[in-house]
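Enquirer: Once you've had a glance at the structure underneath, I'll fire off some questions.
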Amino acid sequence: MAKPPVKSGDLPLFAQFQTDSPATARPAPPAAAKSRPWTVSELNARIKGILEPTFTDVWVQGEISNFRPAASGHVYFSLKDEGSMISAAIFGWGQKQRRGGPGSFEIQDGMQVLCRGKISVYPPRGNYQILVEQVEPLGAGALQLAFEQLKTKLQREGLFDPAKKRPLPRFPTRIAVVTSPSGAAIRDMLNILSRRAPQIEITIVPAVVQGDDAPRQILRGLELANRWDLGEVVVLARGGGSIEDLWCFNDETLARAIAASRLPTISAVGHEIDFTIADFVADLRAPTPSAAAEIVSGHWVDTLKRVRELRDRTARIAERDVQHRGQMLRHLVARLVNPRDRLREQAQRTDEMTARLERALRVQLDRRRSAVQTLSARLVNPGELLRRQTLATSQLALRLERALRTSLDRRKALLERGMGQLDALSPLRVLERGYTLVREPEGGKLLRTAQQASPGRAVEVVFHDGKRKATFSD
């Protein structure tokens, strides 16, 4: 049903309905009925029978006040304008809020709304109210209001905090894409990735990305990607559409799952001008699915470009080096002497050097043979030498051990004797035998003579197990 235009100069809503029209008019009560008073129940029932069949589908504009949510999930409030007020109720609003979906927003006092419903009379209290079946905020649309409310709520909880964003892998080899397998978004991503980084393994996790069941399927796809480690990064992808088409990515449960994901996430939903809650919660927002493919393959492309640049640069350097060495070779060839003459000279010099080397080797060999004979005569049997050294080492070890033990015993005795002397000279030992020290309370100066113990003088008496204050008397 189309909404009636709402204008400030419109007549009151009830003026649009003619209760005395032929279709809705009720016959007057018989004359006999007028002769007796009606009971309250009869009057309320009569009013109920007139109002409810007449006002079955009405639109009412007003301001929310006295908003009262009940534990049952129903909500009760009043709609008012400058001159009137009417009670209103929405049954099942709490369940709708928990399910989420397009049109779910938080009702607050002071909000201007447009309600569609029917008039109902509650006989026990004689009140009439409007039972609201559809409610939309005025000014901002219901979807936009729900979006802003959820965005504010999650932002206050810190789900958008940049410090919590996880870095994406620089060179991913596996990515998981949660999207519709038949959509244009995945086809664009596959084309881009096959061209830019064909080495990346792509796992498509099928999910419906539009409709009431979409949040559940996207959430399931995200959970599967994390559970089975389907990629090093998870991309949530969908092409463009209206706000209703993209609404599944504004689901609160899905947003919290994205924030809790073990794998880094990229939200690639809609076009560049489209924003969803998933964009704010994900570790990175890509303007489009194609942009997401370019982002995950970006470092691969940049690195490949750098490698190609280095390869071309190396080829140019090698080419210049070959040219330079060719010029040097041609210059040397021009200066080269006939190889046959050079070989003859080298052969003659080789013969001379060979003869000189043979003579020198012969002299060295004779000299070393003589030295070997001399050393052989002086050489002692290594086994005997080792035995002697082992015996000497053992004797030295025994002597060292005895010397150390003797030194330790001597030092221990000196230590014990010194400790005994110190203990005997300790003032505490003297005090234990019944002696005390008398000193001034402040400064601790000892009183050594009776002349210092003047009457009335305060002193401190030190015993072996403590001290006490005292005062001299006559």
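The values are calculated or read from the model by the stated rules, or taken from the named source; none is laboratory data. Note that the structure is predicted; figures quoted are calculated from it, not measured. When we count neighbours, we look across all protein chains shown, and the Cβ atoms used for this are built from the backbone with ideal geometry, even at glycine. SASA here: full protein model, heavy atoms, side chains in, ligands and nucleic acids out. Shrake-Rupley method; radii C 1.70, N 1.55, O 1.52, S 1.80 Å.
Conditions tested, residue by residue: (1) without any contact (Cβ under 8 Å) to a residue 12 or more places away in the chain; (2) open to solvent by less than 60 Å² (accessible area, probe 1.4 Å); (3) assigned to a strand (DSSP E or B).
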residue: ASP409; (1), (2), (3): yes, no, no
residue: LEU422; (1), (2), (3): yes, no, no
residue: VAL438; (1), (2), (3): no, yes, yes
residue: GLY443; (1), (2), (3): yes, no, no
residue: LYS467; (1), (2), (3): yes, no, yes
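Enquirer: I've got another one for you. Got at least one residue in segment 346-360 being open to solvent by less than 100 Å² (accessible area, probe 1.4 Å), within 30 Å of ALA197 (Cα to Cα) and free of Cβ contacts under 8 Å to residues at least 12 places away in the same chain?
Expert: No; the residues of segment 346-360 include none that is open to solvent by less than 100 Å² (accessible area, probe 1.4 Å), within 30 Å of ALA197 (Cα to Cα) and free of Cβ contacts under 8 Å to residues at least 12 places away in the same chain.
Enquirer: Can you pull out the residues in segment 280-293 that are open to solvent by 10 Å² or more (accessible area, probe 1.4 Å), of a type outside the set (Phe, Trp, Tyr) and under 17 Å from ASP161 (Cα atoms)?
Expert: Listed by number, the residues that qualify are ASP283, LEU284, ARG285.
Enquirer: Please work out which residue is most open to solvent (accessible area, probe 1.4 Å), limiting yourself to segment 236-265 and to residues that are part of a helix (DSSP H, G or I) and among the β-branched types (Val, Ile, Thr).
Expert: Keep residues of segment 236-265 that are part of a helix (DSSP H, G or I), which gives 247-250, 252-260.
Next, only the ones that are among the β-branched types (Val, Ile, Thr) stay: 253, 258.
Numbers: THR253: 84, ILE258: 0 Å².
Restricting to residues being part of a helix (DSSP H, G or I) and among the β-branched types (Val, Ile, Thr), the top hit is THR253.
Enquirer: Residues to consider are ALA403, ALA397, ALA453, ALA392; find the one that is among the hydrophobic types (A, V, I, L, M, F, W, C), open to solvent by less than 80 Å² (accessible area, probe 1.4 Å), modelled with pLDDT under 80 and over 60 Å from the mean Cα position of the chain (by Cα). Full working, then the answer.
Expert: Numbers: ALA403 fails: modelled with pLDDT under 80; ALA397 fails: modelled with pLDDT under 80; ALA392 fails: modelled with pLDDT under 80.
Selected residue: ALA453, the only one of ALA403, ALA397, ALA453, ALA392 that is among the hydrophobic types (A, V, I, L, M, F, W, C), open to solvent by less than 80 Å² (accessible area, probe 1.4 Å), modelled with pLDDT under 80 and over 60 Å from the mean Cα position of the chain (by Cα).
Enquirer: Additional query: Does segment 255-272 include one or more residues that are within 18 Å of PRO167 (Cα to Cα), without any contact (Cβ under 8 Å) to a residue 12 or more places away in the chain and not basic (Lys, Arg)?
Expert: Of all residues in segment 255-272, those within 18 Å of PRO167 (Cα to Cα) come to 257-268.
Remaining after also requiring without any contact (Cβ under 8 Å) to a residue 12 or more places away in the chain: 260.
Keeping just the survivors that are not basic (Lys, Arg) gives 260.
Yes: one or more hits.
Enquirer: Given the criteria touching a residue at least 60 places away in the same chain (Cβ under 8 Å) and either surrounded by 10 or more Cβ atoms within 10 Å (Cβ to Cβ) or not in a helix (DSSP H, G or I) (or both), does THR314 qualify?
Expert: Values: touching a residue at least 60 places away in the same chain (Cβ under 8 Å): no; either surrounded by 10 or more Cβ atoms within 10 Å (Cβ to Cβ) or not in a helix (DSSP H, G or I) (or both): yes.
When the stated conditions are applied, THR314 does not pass them.
Enquirer: Then there is this: Filter segment 192-235 for residues that are open to solvent by 70 Å² or more (accessible area, probe 1.4 Å) and touching a residue at least 40 places away in the same chain (Cβ under 8 Å); which is nearest to ALA293 (Cα to Cα)?
Expert: GLN199
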